[in-house]
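Novice: Let me give you the structure first, and then I'll get to my questions.
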Amino acid sequence: MNQLQTMEIFVNYSQKVSIFSKPEVLADNLACELLNDFKNCNRDRFNIALSGGNTPKVLYQKLSSYQYRTKFNWNQIDLFWGDERCVPPDNEESNFALVNQFLINNIDIPTQNIHRIKGEKVPEQEAVRYSKELKQHFNTGDQYPCFDIILLGLGSDGHTASLFPNSKNLGNKNYCSVAVHPETGQNRITLNLPVLLNARKIFFMVAGFNKAKIIKKIILEKIISKKYPASLLNKSRRVKWFLDKAAARYLI
Ligand code: 6PG
């Protein structure tokens, strides 16, 4: 039995990387970390940008559980998105729809605290509107908004949010921009690197064997390249990786 098979919870692989036996255990520990960060926040607002895709569903379900939803003061929490697909909010592809179904519908959070990217709008116009909403909410003048936490996923090609390999978005200094999925051609709105890097904490949540090779490149080989946009964030000391053992198979 290797160390993880005997370890019920996790291996603290490094200061930045924690590995968990399965996604449910990962989600429980990440929810606990989010709760601790919220409780330790000495500001009157707690701003978090959420991720889309399939992986975070188990986290949103965990945050919706009685064990957690009753411990957050949702009145103090503002929900944003790291990216959105340019589809209506009730579309099954929508990242808002994912969070709405598995979190928002299960918690008592004021509507005005939910800052969705409006995927149904004209992409270029929505990127401008969302940037203005961020500027107004964070009231930071020409500085980049500083999220308390940005939750990110990782594509097997190394993309994160909707920052895709070698894309022109990687050099974009605006708060957010329009991206195009390289395979489907789907328009996306994404937060850009300067905003992601300005967060107090960046949590990557990664699970599944299909992410093991990209995790090996970014964490074990420490590659930093526009070919793997998530790697451009890994240079930050504010990044923490939450992996299940399938995604971490080459690390252990
Ligand atoms: C999205 C996400 C994207 C996602 C990765 C991983 O809109 O899809 O922002 O960056 O986190 O593609 O997706 P899975 O969790 O589905 O593997």
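The values are calculated or read from the model by the stated rules, or taken from the named source; none is laboratory data. In this text the structure is predicted, and so the values were computed from the model without any measurement. So basically every Cβ, Gly included, is an ideal-geometry build from the backbone, and we count neighbours across all protein chains shown. Just the protein is used for accessible areas: all its heavy atoms, side chains included, with ligands, DNA and RNA removed. Shrake-Rupley method; radii C 1.70, N 1.55, O 1.52, S 1.80 Å.
Novice: Dividing the convex hull volume of the alpha carbon atoms of the stretch 1-125 by its residue count, what do you get in Å³ per residue?
Specialist: 135 Å³
Novice: How big is D for the stretch 86-214, in µm² s⁻¹ as a whole number, if Stokes-Einstein is applied with the Kirkwood radius of its Cα pairs at 10 °C and 1.306 mPa s?
Specialist: Calculated translational D: 101 µm²/s.
Novice: Please work out how much length the chain gains when fully extended from Arg43 to Lys22, using 0.36 nm per residue of separation minus the C-alpha to C-alpha distance, in nm with one decimal.
Specialist: 4.2 nm
Novice: In the stretch 171-213, whose amide N lies under 17 Å from the spot 7 Å out along Cα-to-Cβ of Asn29? List them in ranges.
Specialist: So the set is 202-209, 212.
Novice: Can you give the extra length, in nm with one decimal, that the chain gains between Glu124 and Thr70 once fully stretched, where that is 0.36 nm per residue apart less the Cα-Cα distance?
Specialist: The span from Glu124 to Thr70 would gain 15.6 nm if fully extended.
Novice: Treating cross-link reach as a plain straight distance, find the aspartates and glutamates whose alpha-carbon is under 20 Å from the alpha-carbon of Lys118, omitting any fewer than eight places away in the same chain.
Specialist: List returned: Asp78, Asp83, Glu84, Asp90, Glu92, Glu93, Glu126, Glu133.
Novice: Can you list the residues, at least 5 places off or on another chain, whose amide H is less than 5 Å from the amide H of Ile150, using H built in the peptide plane?
Specialist: HN-HN under 5 Å from Ile150: Ala49, Lys201, Ile202, Phe203.
Novice: Can you give the accessible area of Thr140, probe radius 1.4 Å, in Å² rounded to 10?
Specialist: Accessible area of Thr140: about 40 Å².
Novice: Out of the trypsin sites (Lys or Arg not before Pro) in the stretch 119-188, which ones are loop residues according to DSSP with at most 13 other C-beta atoms within 10 Å?
Specialist: Lys173
Novice: Mind checking which lysines have their Cα closer than 30 Å to the Cα of Lys216? Skip sequence neighbours fewer than 8 apart in that chain.
Specialist: Within the straight-line cut-off, Lys216 pairs with Lys16, Lys22, Lys57, Lys62, Lys168, Lys173, Lys201, Lys226, Lys227, Lys235, Lys240, Lys245.
Novice: Just flag the GluC sites (Glu not before Pro) in the stretch 116-207 sitting in loop per DSSP whose Cβ has no more than 11 other Cβ atoms within 10 Å.
Specialist: For GluC sites (Glu not before Pro) across the stretch 116-207 that sit outside H, G, I, E and B with at most 11 neighbouring Cβ atoms in 10 Å, the list reads Glu183.
Novice: Quick one: check the C-alpha center-to-center distance for the stretch 60-123 versus the stretch 18-51, whole angstrom.
Specialist: Using only Cα atoms to place each centre, the spacing works out to 15 Å.
Novice: So for the chain, averaging the separation of alpha carbon pairs under 8 Å that are six or more residues apart and normalising by length, what relative contact order in percent results?
Specialist: It comes to 21 percent, rounded to a whole number.
Novice: Right, next: How large is ³J(HN,Hα), in whole Hz, for each residue of the stretch 215-230 in order, when computed from phi with the Karplus curve 6.51 cos²θ - 1.76 cosθ + 1.60 and θ = phi - 60°, using x for Gly and Pro?
Specialist: After applying 6.51 cos²θ - 1.76 cosθ + 1.60, I find 4, 4, 4, 7, 8, 7, 7, 6, 5, 10, 7, 5, 5, 10, x, 4 Hz.
Novice: A follow-up question, please. Between Asp90 and Ile223, take the C-beta separation as r, use R0 = 41 Å, and let me know the FRET efficiency to the nearest 0.05.
Specialist: 0.60
Novice: Counting only protein heavy atoms and using a 1.4 Å probe, what share of the accessible area of the chain belongs to carbon plus sulfur, as a whole percent?
Specialist: In the chain, the share of accessible area belonging to carbon and sulfur is 47 percent.
Novice: Among DSSP beta bridges lying fully in the chain, give the percent that are antiparallel, nearest 5.
Specialist: The antiparallel fraction comes to roughly 35 percent.
Novice: Expressed as a fraction of 2.2 N^0.38 Å, the rule-of-thumb size for a compact globular protein of N residues, what is the C-alpha radius of gyration of the chain?
Specialist: Here the answer is 0.96, to two decimals.
Novice: Tell me, what ³J(HN,Hα) does each residue in the stretch 195-209 have, in order and in whole Hz, if you take phi through Karplus 6.51 cos²θ - 1.76 cosθ + 1.60 with θ = phi - 60° and put x for Gly and Pro?
Specialist: 6, 4, 5, 8, 5, 5, 9, 10, 10, 8, 10, 9, 9, x, 4
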